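Data first, discussion second: the structure below is written as structure tokens.
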Amino acid sequence: MNSATTRRSFLGAAGLAVGLAETQALAQDAAGQGPNTAPSPRPAPGTGPRPKIAVLASVYHYLSHAYHIAGRFLDGFEVYDGQGLHHPHAEIVSLFIEQLPANDLGRGVAERNKVRLSPTIADALTLGTGKLAVDGILLIGEHGDYPFNAKMQKLYPRGKFFREAAAVLEQSGRGVPIFVDKHLSYDRAEAQSMVDTARRLKAPLMAGSSLPVTWRLPAFEPPLGVPIASALVVSRGEIEIFGFHALESLQCMVERRDRKGKPQGVVAVTCLQGEDVWKAGDEGRWDKSLLPTAIGRSHTLNPGDIRRTTKDFTPPAGRPSYLNEPLAFLVEYTDGLKASVVIANGHVDDTTVALRTPDGKLGSTLFYLPAPPGACFFTPLCLRIEDFFRSGKPPYPAERTLLTGGILDAALESRVRGSVRIETPDLAAIDYAAPANSGFIRTPIADPTPNAI
């Protein structure tokens with residue numbers, strides 16, 4: 001593609017948005033004039049010194065999150081916006097890795113890129129000087145050999161990493177931007193403590209995964225203030241590790257609703273299993289009528305009845321948190337909205353959402369995740385992280401991740417307690433304003449150059 005092609009022509013893809021948006025807003029968006037026009041996919045060229053970044057990783061092996069995120073910062077990546085390989089305006093200067101299995105790549109990556117391989121988190125942040133010497137922190141506590149608790153939560157050390165980093169910031173009297181990959185903590189009380197500590201230290205905090213910013217097929221961004229009567233996400237995967245993705249997909253949509261003056265928060269959560277999922281749908285406890293709209297966007301839809309295909313599912317060996325029956329998370333918001341997630345392993349292997357307005361209008365999309373080895377959904381996430389490190393302002397509030405992770409924690413508690421309804425006064429008080437632009441990527445997924453033959 002000609003490098004003179006402007007970003008604007010790619011952003012015009014926003015005009016594909018369908019469903020809830022008003023006709024005039026869609027026309028403006030397609031022309032790049034509306035309030036929902038995506039930010040530039042590639043941050044503007046950087047000037048001045050690159051921010052120095054410390055990476056704190058649980059492991060660094062092939063296809064791990066550290067491999068995908070830190071690797072993009074070190075090696076650059078394609079955005080397909082007509083401007084060639086993108087090299088983030090940030091410099092990884094140190095790398096702490098808690099676990100070093102036989103397939104570790106981190107030590108070689110550090111040596112090849114002349115990055116300090118730090119024995120402790122404090123060393124990674126001080127570079128051996130005894131005082132804070134970096135401008136940002138990438139905290140990637142995903143993958144590695146960690147135990148599960150009774151709720152099937154994998155006990156990743158995100159909270160521990162954060163506390164050790166916070167101690168250095170406090171001693172130095174200076175806060176720097178911190179990105180936490182995926183949810184803040186498996187424990188919602190610990191997650192709240194992390195948010196409170198970051199605020200006290202004046203350390204800007206960003207958290208979450210790639211789902212809210214990956215490609216949406218079709219492009220779909222509900223306008224701010226839209227009334228939503230019901231919402232359903234259909235997803236797959238392990239109960240906690242992928243359950244977070246499903247709930248994050250739900251929250252990045254429903255956070256844009258007209259909340260009637262109420263907080264974003266959630267008053268109660270219930271988790272159902274097996275036949276109780278379908279019984280609840282028949283009883284109207286979740287909006288079963290949205291199911292065809294949601295799964296109609298799936299690229300992996302298994303033919304046949306969902307009740308049968310989910311029974312046919314065989315979990316992968318050695319993955320104990322893959323359950324062999326369907327699940328439903330029923331989420332009750334402070335403003336009265338009742339939204340749901342259905343985990344339908346065996347019927348779909350991707351994540352879709354459907355929304356309905358009170359007057360019956362529908363909106364739906366697929367959160368598209370290109371497969372490994374590239375796992376290109378990390379590309380939009382890294383672009384937003386780069387924005388964050390350069391501006392010091394998260395593209396969406398950490399409270400979104402706090403709420404999403406809290407819903408998940410409550411749902412898993414409901415499951416081990418026999419699917420009782422868990423009231424969540426701690427989550428009910430969480431409030432934040434949804435970003436005017438949700439920031440999902442709108443450049444081509446791959447090279448769009450037309451064939452000449």
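The values are calculated or read from the model by the stated rules, or taken from the named source; none is laboratory data. Keep in mind that this is a model prediction, so the values were computed, not measured. A quick note on method: Cβ atoms are made from the backbone with ideal geometry, for glycine too, and the neighbour counts reach across all protein chains shown. When the accessible area is computed, the model is the full protein with side chains, heavy atoms only, and any ligands, DNA or RNA have been set aside. Shrake-Rupley method; radii C 1.70, N 1.55, O 1.52, S 1.80 Å.
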Checklist entry - Within the stretch 273-282, is there a residue that is in a helix (DSSP H, G or I), touching a residue at least 40 places away in the same chain (Cβ under 8 Å) and β-branched (Val, Ile, Thr)? => result yes
Checklist entry - Does Ala189 qualify as being open to solvent by 20 Å² or more (accessible area, probe 1.4 Å) and touching a residue at least 60 places away in the same chain (Cβ under 8 Å)? => result yes
Item to check | In the stretch 338-368, the residues that are assigned to a loop (DSSP other than H, G, I, E, B) and either of a type in the set (D, E, K, R) or over 30 Å from Ala268 (Cβ atoms) (or both) | outcome: Asp349, Asp350, Asp359, Lys361
Checklist entry - What is the residue count in the stretch 411-438 for residues that are free of Cβ contacts under 8 Å to residues at least 40 places away in the same chain and over 19 Å from Ile343 (Cβ atoms)? => result 1
Next on the checklist: Where the second residue is aliphatic (A, V, I, L, M) and assigned to a loop (DSSP other than H, G, I, E, B) and the first is open to solvent by less than 100 Å² (accessible area, probe 1.4 Å) and lies in the stretch 297-311, which pairs have Cβ atoms under 8 Å and are six or more apart or on separate chains?
Outcome noted: Ile306/Ala344; Thr309/Ala344; Thr310/Ala344
Checklist entry - Is one or more of the residues making up the stretch 151-162 among the aromatic types (Phe, Trp, Tyr) and closer than 18 Å to Cys252 by Cβ? => result no
Next on the checklist: Give all pairs with beta carbons closer than 9 Å in which a residue from the stretch 152-174 that is surrounded by fewer than 16 Cβ atoms within 10 Å (Cβ to Cβ) meets a residue that is hydroxyl-bearing (Ser, Thr, Tyr); count only pairs at least 6 apart in sequence or on separate chains.
Outcome noted: Leu155/Tyr146; Leu155/Tyr186; Arg163/Ser193; Arg163/Thr197; Glu170/Thr197
Checklist entry - If you check Pro397 against the conditions, is it surrounded by fewer than 23 Cβ atoms within 10 Å (Cβ to Cβ), over 30 Å from Asp276 (Cβ atoms) and not acidic (Asp, Glu)? => result yes
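Restricted to the stretch 151-207, and to residues that are polar (S, T, N, Q) and closer than 22 Å to Thr126 by Cβ, which residue is nearest to the chain's Cα centre (by Cα)?
So, considering only residues that are polar (S, T, N, Q) and closer than 22 Å to Thr126 by Cβ, the one nearest to the chain's Cα centre (by Cα) is Thr197.
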Checklist outcome for this item: Taking the stretch 321-374 and keeping only residues that are on the phi > 0 side of the Ramachandran plot and surrounded by fewer than 16 Cβ atoms within 10 Å (Cβ to Cβ), one is left with Gly336, Gly360
Checklist entry - Taking Ser419, is it within 30 Å of Leu330 (Cβ to Cβ) and either open to solvent by 80 Å² or more (accessible area, probe 1.4 Å) or part of a loop (DSSP other than H, G, I, E, B) (or both)? => result yes
